[in-house]
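**Q** If you scroll down you'll find the structure; I have some questions about it.
The values are calculated or read from the model by the stated rules, or taken from the named source; none is laboratory data. These figures come from a predicted structure and were not determined experimentally. Cβ: placed from backbone, ideal geometry, glycine included. Neighbour counts: every protein chain shown. Calculation scope for accessible area: heavy atoms of the full protein, side chains included, ligands and nucleic acids excluded. Shrake-Rupley method; radii C 1.70, N 1.55, O 1.52, S 1.80 Å.
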Amino acid sequence: MADQIFFGAAPYVLLTIAVVGLFWRFSTNRYSWSTQSSQFLENRTLFFGSFPWHYGIITILVGHFIAFLIPSLVFAWNGAPARLYLLELVGLALGFLALFGLLALIYRRITNARVKTMTSSWDVLILIILIIQVVTGLGNAIFYRWGSNWYAAAAVPWMWSILKFNPNVDFVRNLPLNTKIHIFNAMIFIGFIPFSRLVHFVVINPYKYLVRPYQVVRWYHRNPKTENIVQYK
Ligand code: HEM
């Protein structure tokens, strides 16, 4: 019964929230489709956190997505043990890279007074969701081998069953609790996209962002909290 609720019904609720929320945000506040930059408040730790976080997590998500689109590719690749180990090792390394970056970003938000002032409850919530996602993802990879294989064999057919409006929770029923938390938390993540700074995820080309030349970033709207902040030199 719980599986039916969490993996049969909840995905539709959260997907609806995401789609309706995106329309709502676009129609009411379309100029806020960015992650309000805090770069001029503090740059050094941002650099050490943001780069590993984005490169790690985006590459992992691209991996999740390719396996979602072409699961047979994963089976073919993993057919030779050496290739399976390579894939799992690269995934693990990227997972730790993302974790390192995320911890640096959290540290920065906790320790830098000016960034802390600008941190909303939404930001805190998003950081909690992200840390759960990365830690449980690493848990999948470390404790339940070989994740890439059973991702393609169980999780991918479940996701397709959701998208085809014919949810089949049997695919995920027997997965370990850690993995169930990973999957459910991913849905929460998707549901939160329109309401938080995560919305920048939908509109930018992250790789372009990471290699673009420096530019001056200004906040578009006035925020009473920032009126007294002196520009960082
Ligand atoms: C917001 C979306 C998601 C994020 C940010 C995310 C993040 C991660 C991270 C950081 C890892 C560890 C990297 C690795 O070692 O491969 C991982 C692994 C994994 N994730 Fe996710 N994930 C997301 C969505 C999902 C979904 C929706 C599923 C399943 C339906 C899933 C299933 C898995 C599995 C099975 C692994 C282990 C892969 C392996 O051992 O090779 N993830 N994820």
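**Q** How many nm separate the modelled label positions at F68 and L177, each set 7 Å beyond the Cα in the direction of the Cβ?
**A** Spacing of the two 7 Å Cα→Cβ label points: 2.7 nm.
**Q** Amide H of S196 versus every other amide H placed in the peptide plane: which residues, excluding those fewer than 5 positions away on the same chain, fall under 5 Å?
**A** none
**Q** Defining a contact as two alpha carbons under 8 Å apart and six or more residues distant in sequence, what relative contact order in percent does the stretch 58-187 show?
**A** Result for the stretch 58-187 is 30 percent.
**Q** Output ³J(HN,Hα) for the stretch 79-96: one whole-Hz value per residue in order, computed from phi by the Karplus curve 6.51 cos²θ - 1.76 cosθ + 1.60 with θ = phi - 60°, and x for Gly and Pro.
**A** Using θ = phi - 60°, the values come out as x, 9, x, 4, 6, 4, 4, 4, 4, 5, 5, 5, x, 5, 4, 5, x, 5 Hz.
**Q** For L127 and F75, what does the FRET efficiency come to when R0 = 45 Å and r is the distance between their Cβ atoms, rounded to the nearest 0.05?
**A** 0.80
**Q** Also: Sorting K180, K164, K116 by accessible area (1.4 Å probe), largest first, what list results?
**A** Correct descending sequence by accessible area is K164, K116, K180.
**Q** At 1.4 Å probe size, with no ligands or nucleic acids counted, give the accessible surface of D170 in Å², nearest ten.
**A** 100 Å²
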